[in-house]
Amino acid sequence: ISDAVRAPVIASGGVGTLDHMVEGIRDGHAGAVLAASIFHFGTYTIAQAKAHMAAAGLPMRLDSVNNRP
């Protein structure tokens, strides 16, 4: 879909692992990914997700999670 439309695409739903988030960007060509349950149920933290995506070579603002009041 991302390759067929001019609007930014956000991949949403079905994230069960941190690799799914990376795949949404790399394989799906989405501009962003959305995840909720993996955070709500404590499977992963936002910091873990961001670090994993950064380690996969995706641009990520790592300081925005750790500097919250």
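The values are calculated or read from the model by the stated rules, or taken from the named source; none is laboratory data. Just so it is clear, the structure is predicted and the values come from calculations on it, not from any experiment. Note: ideal-geometry Cβ built from the backbone for every residue, glycine included; neighbour counts use all protein chains shown.
Quick notes
- Any hit, the stretch 6-26, residues being in a loop (DSSP other than H, G, I, E, B), exposed (fewer than 14 other Cβ atoms within 10 Å of the Cβ) and acidic (Asp, Glu): no
- Residues satisfying the stated conditions in the stretch 37-58, i.e. in a helix (DSSP H, G or I), hydrophobic (A, V, I, L, M, F, W, C) and within 16 Å of Gly13 (Cβ to Cβ): Ile38, Phe39, Ala49
- Members of the stretch 30-54 found to be farther than 13 Å from Thr17 by Cα and under 12 Å from the mean Cα position of the chain (by Cα), listed by number: Ala30, Gly31, Ala32, Ala47, Ala51, Ala54
- Every residue from the stretch 52-69 that is surrounded by 15 or more Cβ atoms within 10 Å (Cβ to Cβ) and at pLDDT below 95: Met60, Val65
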